[in-house]
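Trainee: Quick one: this structure, given as structure tokens, is what I'll be asking you about.
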Amino acid sequence: MKNVAGLVFLLLLSPFSFAQEPLKVVTTVKPLQLVANAIVADLGDVDVLIPPGASPHHYSLKPSDMRLLRASDLVIWIGPDMEQFLSKTIQQLDTPVLQLLDGESEEQHHHHDHEESVEYTDHDHHGVDPHVWMDPLDMLHMAEKITDELSKQAPHHAVQLELNFEAFKQDLLVTDQRIETQLSAYQDKGFVVFHDAFSRFVEHYHLKQLAFFTVDPARAPGAKKLAHIQGMLDELEARCVFIEPQFKAEVIQRVVADKPIRLGHLDPLAIDVTLEQGYTGYLQQLAQNIEICLK
Ligand SMILES: [Zn+2]
């Protein structure tokens with residue numbers, strides 16, 4: 001078609017065609033996408049590998065995922081402690097990869113070495129919690145790593161990437177202060193979470209997490225465990241139990257049914273947070289949900 005040919009010709013002539021190719025970044029989980037997107041901003045696109053509702057602890061790569069990984073300029077993942085399904089693939093990829101957390105030894109493996117599905121948070125919690133996005137200041141450090149890596153891949157964008165990082169940093173520090181203030185009134189209100197994903201958030205804001213139901217969100221606690229949890233909830237005077245949108249919580253609802261304990265929601269994967277709301281919007285959502293339940 002004549003018109004199409006003309007359009008292509010115009011596009012080739014337009015000054016934009018001389019700009020560099022847009023950056024193509026892919027992250028494994030949504031919270032990382034929110035952070036990387038703040039750094040990349042108008043310079044390109046940041047995709048997310050693991051779809052909403054799927055767990056990074058158990059995922060199988062599809063052929064389309066492989067195409068996405070190969071077509072990207074940079075792949076950002078946490079590391080083998082979080083996305084174990086990706087370990088082999090990463091080693092075989094030609095695409096540059098940024099790993100945010102150093103691999104732990106198998107003995108320290110957070111999500112696989114605990115057979116007990118009920119644990120108190122103040123003991124026997126060895127290993128590193130791989131949910132790194134739950135600590136805002138750790139994430140700031142990782143955003144810096146992302147900025148440096150992208151500047152290496154695309155030096156002509158280095159100045160803009162640095163500006164984007166500075167804007168992200170300012171927004172994050174302000175948000176962090178605001179949440180610190182917001183949650184300071186709840187530091188002595190105990191709660192229980194569904195899976196062990198929030199310890200970094202809890203530590204950062206000095207909250208009182210009493211226990212978690214499971215280290216593996218795909219594995220529901222059995223009858224014996226539930227009885228134990230029931231006793232524990234009374235004993236520890238938990239004010240709230242947080243469930244997650246990704247997992248069925250009937251079992252937990254039954255446990256809490258006849259107790260003066262509220263059910264709240266905490267999403268460890270930022271499923272319904274938009275790119276516009278961003279990482280700070282996600283932190284605010286977590287803080288808001290904690291406040292609503294502990295009030
Ligand atoms: Zn997890």
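Trainee: Filter the stretch 52-65 down to residues that are away from the ligand (no atom under 16 Å from the Cβ) and exposed (fewer than 15 other Cβ atoms within 10 Å of the Cβ), then give me how many there are.
Mentor: 4
Trainee: From Leu269, Leu226, Leu207, grab the single residue that is more than 16 Å from the ligand (Cβ to nearest atom) and within 25 Å of the chain's Cα centre (by Cα).
Mentor: Leu207
Trainee: Being within 20 Å of Val273 (Cα to Cα) and assigned to a loop (DSSP other than H, G, I, E, B) is true for just one of Pro52, Pro31. Which residue is that?
Mentor: One residue alone meets the criteria, Pro52.
Trainee: Can you tell me how many residues in the stretch 185-204 are buried (at least 21 other Cβ atoms within 10 Å of the Cβ), away from the ligand (no atom under 15 Å from the Cβ) and hydrophobic (A, V, I, L, M, F, W, C)?
Mentor: Residues in the stretch 185-204 being buried (at least 21 other Cβ atoms within 10 Å of the Cβ), away from the ligand (no atom under 15 Å from the Cβ) and hydrophobic (A, V, I, L, M, F, W, C): 2 in total.
Trainee: Here's a follow-up. Are any of the residues in the stretch 169-184 in contact with a strand residue (DSSP E or B) (Cβ under 7 Å, 6 or more places away or on another chain), closer than 24 Å to Tyr279 by Cβ and more than 16 Å from the ligand (Cβ to nearest atom)?
Mentor: no
Trainee: Mind telling me which of the residues Glu291, Glu244, Glu250, Glu276 ends up being under 27 Å from Tyr59 (Cα atoms), of a type in the set (D, E, K, R) and in contact (Cβ under 8 Å) with a residue 40 or more places away in the chain?
Mentor: Only one candidate passes the filter, namely Glu244.
Trainee: I'd like the full set of residues that are in contact with a helix residue (DSSP H, G or I) (Cβ under 9 Å, 6 or more places away or on another chain), away from the ligand (no atom under 16 Å from the Cβ) and either charged (D, E, K, R) or over 14 Å from Lys24 (Cα atoms) (or both), limited to the stretch 66-98.
Mentor: Matches in the stretch 66-98: Met66, Asp73, Thr89, Ile90, Leu93, Asp94.
Values quoted throughout were computed directly from the atomic coordinates according to the rules given, and no laboratory measurement underlies them. This one's a predicted model, so the numbers in the text were calculated from it and none came from an experiment. Positions of Cβ are generated from backbone atoms using ideal geometry, with glycine treated the same way; all protein chains shown enter the neighbour counts.
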